[in-house]
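Shown next, in C-alpha cells, is the structure this report addresses.
The values are calculated or read from the model by the stated rules, or taken from the named source; none is laboratory data. What you see is a predicted model, and the numbers here were worked out from it, not measured in a lab. Every residue, glycine as well, gets a Cβ built from its backbone with ideal geometry; the counts of neighbours run over all protein chains shown.
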Amino acid sequence: MQDIQDQGSHNEYNPQAVESAAQQYWNAQRAYEVKEDPSRAKFYCLAMLPYPSGALHMGHVRNYTIADVISRYQRMNGKNVLQPMGWDAFGLPAENAAIKNNTAPAKWTYKNIDHMRDQLKSLGYAIDWSREFATCRPEYYRWEQLMFTRLMKKGLAYRKNAVVNWDPVDQTVLANEQVIDGRGWRSGALVEKREIPQWFLKITDYAQELLEGLDTLPGWPDAVKTMQRNWIGRSEGLEIHFDVENEAEQLTVFTTRPDTLMGVTFVSIAGEHPLALKAARSDPKLAAFLDELKHGGISEAELETQEKRGMSTGLFAIHPISGEKLPVWVANFVLMGYGTGAVMAVPGHDERDFEFAHKYTLPIKQVIAVEGADTDYDPQHWKDWYSDKTRADMRVVNSGDLDGKNYRDAFEFLAKKLEDEGKGLRRVNWRLRDWGVSRQRYWGCPIPVIYCPKCDAVPVPEDQLPVVLPEDVAFSGVQSPIKANPAWRKTTCPHCGGPAERETDTFDTFMESSWYYARYTSPGANGQVDERANYWLPVDQYIGGIEHAILHLLYFRFYHKLMRDAGLVKSDEPATNLLCQGMVIAETFYRENADGSKDWINPADVEIHRDEKARVVGAVLKADGKPVLIGGTEKMSKSKNNGVDPQTMVEKFGADTVRLFSMFAAPPEQSLEWSEAGVEGMARFLRRFWREVTTHVGQPDHPEVDPSALDAAQKTLRRQVHETIQKVSDDFGRRHAFNTAIASLMELLNALNKFNDQSDQGRAVRHEALETMVLLLNPVVPHVSHALWQALGHTQTVVDDQPWPTVDTQALVRDSLTLAVQVNGKLRGTIEVAANASKEEAEALARAHPQVAAFLEGQSVRKVIVVPGKIVNIVAG
C-alpha cells in the first residue's frame, strides 16, 4: 500500500502524483520501445502525424487517445504493437510565422516540436519515441529525393508548363483550397492564373489500380472510398475530332454522352487553348477577355458556381456527322488542364451549357427524350429532356440515323462510324490529374534537379544526395532565401561539367506525409526502408480526420505502390483499416462592435447562467460581469476563439480524466462537444473508482472465488463482471465504440458501490470485479490503472503486459430470469422465474402477479404468448 499512499491521501485520488509515478516507471522500463518479433502477431497502430504549430489542440488529444486505446488493447491481447510519432514539419505556416517573428523557420519549428513532444508525453501515450523524426531533417528527406531521381529516370516524374493559381504577393502557387473568393488565403491578393513550369508525379499511370484497390479495403469507411472513386473519376466515352474552318488544327473533345452528338450547337474552349490565343492576336476585345480570365479560378468547384461568361472567337468547328458550322466560344468554365481544353456544348441536355446558351442566345436542340413524353421545346422544363443513360425508356430523337436508339446502341453506332472515318475513337478518361509537387517557397524539401543550358533538367546524382536545405537563413520579404542565394543555387552539371543551377522549387509537403508511415518501421535504415518494413506493413489501424480523405490518403496509397514497384515493400496497400474521427466542437461567445464586427471570447472566460431546469439562459464575461452573446456550437478554432487548451485541462484534472472524457463523450466517428461539466463528471468517476479500490485493499484479505459457493447476489455481481468483459472486448476490438464500453464500466462501478457483502466470497467477488475493471480501463486511463494494479497486490509492472480479461461462460449462466408481463401489449409488472422454467410455469406466475390479476379481473383470457427469457403477453377481453 505504500506506493498508493504516496499518490493520494485519505483515499483521495491525486492525478498529478499518479501520472508522474506511472510515466517515470514506463520511461525507466522503456516500456513502449518495440522490436520485430516474427514469433508474435504484430499490430501497427498509427495516427496521422501532427504539424508542429506550437501547441496541441483538443483535436490532437482525441486523435491520439483513440490510437492509444486501440494500441494498449491490442498489446493486452498479446500483439507486438508499434505506435510511433513524428512531425510533419515543412510547410508555408512555419515560413510565414518565421517572417512575422523575424526568425528562421527551422528554429521556430524545432522549438515547437520540443514543446508539443512534452505535451504528448504528459498525456501518457504508449508511443515508441525511439522512432521519432521530423520530416524537415535531411536524414529523412534524402530518401524521397532519391526516389524522385529514380522516378525521373523511369518517366514517372516529369516537368511541364501548367496553369496554376499564382499569388503575386506571396510569390507562390496556391492549391485550389487556398483561393477564397478569388484571393490568396494569406495575402488577400487577387490570384492570377499563370502558366509556369511545374514538376509532376504520374499518378495517372496508377489510376486503374488505385480505383480497383478500393475494393480490397473493407476496413476503410465507405464515405472515404466513395470520395476517392469520384476523385479518380473513371469514365468511358468517345474522343471526337472536329475540323476547324480555315485552320489546320482540329478541336478534340471527350464525351461520355456521344448519343447527344447531334445536339451540339457550339463548341466551348479554354482561354489558354491555342486557337483562342491565335484568334486573340487579331481581336483586341477577345485578348482583353482572355486577360480577365487569368484572374479566375482553376478548381472545378469554383467553376461550377461562378457566373458563366464567354466570348466568340469568330472561328467555326465543322460537325463530324452533319458538316454543320458550329461557332467556337471561349468559356470561363473550360480548363486547359482538364481533358483537351475543349467541350462540345449540348445545351438541350447539360445545365451549364443551357445557362450559357440562354445568356448568349445560342441554339438549343433536343436530341434525348423519354418515350411517351412531350418533345416540344419548353425553356421552363428543359431538364425534362435529359434522361439518365441507364433508363430503359430513353431514346435518341432528331438525330437522323441515331433516332430511336438507346444510349448503348447509339454509342456503338457512333464509335464504329467515327473510328472508320478517322474522326474519333473509344477512350477511357480519368478525372484524376497528375500530382503537381512543385512549390515556390523556401521551407520544403529541395527538388533534386540541376538545370544545365546544354543538358536541360538533370537529376542530382545519388552520391550527391541529400540536397540540403540551408536552415540558418534570413528573409527579404517573401522571396525564397535559396532563390536569392547564388552560392547555394549555382553548381556544375553532373553530365557535362559546365555551369548549371539547382532547382529552387521545393516539394509539396504531401510528399513527406505520403511515405512517413513506412520510415517508422525502419529507423536508421540506409535507404527509405529496409527488411523490417515487411514485418510491420501494412498499417493495421490508421486514424485521422476525414478532411484528408482525398489528397493525403490518395497520395499515401499511390506512394506505397511506387515503393512496392521499387522493391521496397511487398504489400499493395499501406493501411488495412482506417478510422476517421469527428471534430471537437465547443460553444462560441462574442460581443458585437460598433462596425458590426465581432470580438470572440474564449469559453474559459465566460460564466454561463442556467435556469432551474439547467437550461442556458445567458452568459456573462467573468472579467466584468456584463453579458456576452452566445454564438452556437462550432469546431474549435482560433478564428472563433473557442479552443480549449489541453495542457490547462491536464493540469486541472489530470491526463486520464481528459482522455476518459475524449473517449466517452461521443462515438469516435462523430463530433465531440466539449463540456467542462462533462470533464468534471469523468473526474468524479475516477475518484469514486479510486476510493472503491483503496477502501477494498484496506480490508481483510480475500480467498479465491469459488463459483460453487456463491449466493444469488454474488452470482449476480459476478455475472455483470463477465458480461462487462464481453461487451468491452467487443466495443474496443471490433466496434471501436469506446463510449459504450466506458458506460458499461460505469454501470459496473455503480453495482459495486451497492454491493456491501463482507463475507469471504463477497470480498473475493469484489476483488475479481475491481481487478477486471482496472484491466478493462487500462487502455483509456493507464496512469490510474498502473497505480491501482499495484494497490490490488501486484508487483510493479506494465499493465499493458497483463492478459486481457477473458469471459467465464459459466458465470454468464443465470439461475433465474426477469420477465416483463404485459396485458394486451401494455406492461403491468415483472416476474422472476427459474432460468429453466417451462412456459406453463411462467404463465402461472404471470397470472398470479397482483397487478396483472387486477387487470384480468372480470375478463376472459383468450391467449397467452410466452417469449422465453423476455416477456409474457396475456391477451384478454
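Structure notes:
- Only residues that are among the hydrophobic types (A, V, I, L, M, F, W, C) and surrounded by fewer than 20 Cβ atoms within 10 Å (Cβ to Cβ) were counted in the range 35-63, giving 2.
- One residue from Gln670, Gln647 being assigned to a loop (DSSP other than H, G, I, E, B) and either over 20 Å from the mean Cα position of the chain (by Cα) or farther than 26 Å from Phe755 by Cα (or both): Gln670
- Here Tyr206 clears all of (1) under 28 Å from Arg408 (Cβ atoms); (2) over 20 Å from the mean Cα position of the chain (by Cα); (3) in a helix (DSSP H, G or I) except the condition numbered (1).
- Identity of the residue in the range 515-535, touching a strand residue (DSSP E or B) at 6+ places or on another chain (Cβ under 9 Å) and part of a loop (DSSP other than H, G, I, E, B), that ends up nearest to Pro138 (Cα to Cα): Tyr520
- Residue tally, condition assigned to a strand (DSSP E or B) and touching a residue at least 24 places away in the same chain (Cβ under 8 Å), over the range 830-861: 1
- Output for the range 154-189, where each listed residue is of a type in the set (Asp, Glu), more than 15 Å from Pro93 (Cα to Cα) and surrounded by 13 or more Cβ atoms within 10 Å (Cβ to Cβ): Asp167
- Only one of Gly188, Gly233 that is over 24 Å from Leu579 (Cβ atoms) and touching a residue at least 60 places away in the same chain (Cβ under 8 Å): Gly233
- On the stretch given as the range 549-582, residues that are farther than 17 Å from Cys45 by Cβ and surrounded by fewer than 20 Cβ atoms within 10 Å (Cβ to Cβ) total 10.
- Criterion applied to Ala677, Ala655, Ala666 was being of a type in the set (Gly, Ala, Ser), more than 30 Å from Leu812 (Cβ to Cβ) and at pLDDT 95 or above, and the one residue passing it is Ala655.
Quick grid of which residues meet (1) basic (Lys, Arg); (2) assigned by TED's automatic domain parsing to the domain that holds Arg687; (3) assigned to a loop (DSSP other than H, G, I, E, B):
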residue: Glu19; (1), (2), (3): no, no, no
residue: Gln24; (1), (2), (3): no, no, no
residue: Lys35; (1), (2), (3): yes, no, yes
residue: Cys45; (1), (2), (3): no, no, no
residue: Leu49; (1), (2), (3): no, no, yes
residue: Ala55; (1), (2), (3): no, no, yes
residue: Pro93; (1), (2), (3): no, no, no
residue: Lys100; (1), (2), (3): yes, no, no
residue: Ala106; (1), (2), (3): no, no, no
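- Considered as a group, the residues in the range 171-185 that are over 24 Å from the mean Cα position of the chain (by Cα) and among the charged types (D, E, K, R) include one that is farthest from Phe475 (Cα to Cα), and that residue is Asp181.
- Residues in the range 701-742 that are of a type outside the set (Lys, Arg), loosely packed, with under 13 Cβ neighbours inside 10 Å and out of contact with any helix residue (DSSP H, G or I) (no Cβ under 7 Å at 6 or more places or on another chain): Asp701, Ser708, Asp711, Ala712.
- The range 700-739, residues that are farther than 28 Å from Asp760 by Cβ and either of a type in the set (A, V, I, L, M) or touching a residue at least 24 places away in the same chain (Cβ under 8 Å) (or both): Ser729, Phe732, Gly733, His736, Ala737, Phe738, Asn739
- Pair list, Cβ under 8 Å, 6 or more apart: the range 338-366 residue farther than 17 Å from Gly314 by Cα and at pLDDT 90 or above, other residue charged (D, E, K, R) and outside any loop (DSSP other than H, G, I, E, B): Thr340/Glu239; Val346/Asp353; Pro347/Asp353; Arg352/Glu304
- Identity of the residue in the range 75-111, crowded, with 20+ Cβ neighbours inside 10 Å and among the polar types (S, T, N, Q), that ends up nearest to Gln178 (Cα to Cα): Thr109
- Of residues in the range 502-514 being charged (D, E, K, R) and in a loop (DSSP other than H, G, I, E, B), the one farthest from the chain's Cα centre (by Cα): Glu503
- Unique match (being touching an Asp or Glu at 6+ places or on another chain (Cβ under 9 Å) and buried (at least 23 other Cβ atoms within 10 Å of the Cβ)) among Arg131, Arg72: Arg72
- From the list Ala94, Ala89, Ala106, Ala67, the lone residue that is within 17 Å of Ser53 (Cβ to Cβ), touching a residue at least 24 places away in the same chain (Cβ under 8 Å) and touching a strand residue (DSSP E or B) at 6+ places or on another chain (Cβ under 6 Å) is Ala89.
- Of the residues Leu568, Leu554, Leu537, Leu562, the single one that is at pLDDT 95 or above and under 13 Å from the mean Cα position of the chain (by Cα) is Leu554.
- For Glu840: the one exception among (1) surrounded by 13 or more Cβ atoms within 10 Å (Cβ to Cβ); (2) farther than 30 Å from Gln23 by Cβ; (3) at pLDDT below 95: (1)
- Candidates Met1, Met116: the one that is surrounded by fewer than 22 Cβ atoms within 10 Å (Cβ to Cβ), at pLDDT below 95 and either more than 24 Å from Trp804 (Cβ to Cβ) or β-branched (Val, Ile, Thr) (or both) is Met1.
- Among the numbered conditions (1) of a type outside the set (A, V, I, L, M); (2) touching a helix residue (DSSP H, G or I) at 6+ places or on another chain (Cβ under 6 Å); (3) surrounded by 23 or more Cβ atoms within 10 Å (Cβ to Cβ), the only one that Pro782 does not meet is (2).
- Test result for Leu792, surrounded by 20 or more Cβ atoms within 10 Å (Cβ to Cβ), among the hydrophobic types (A, V, I, L, M, F, W, C), in contact with a His (Cβ under 9 Å, 6 or more places away or on another chain) and closer than 24 Å to Tyr125 by Cα: no
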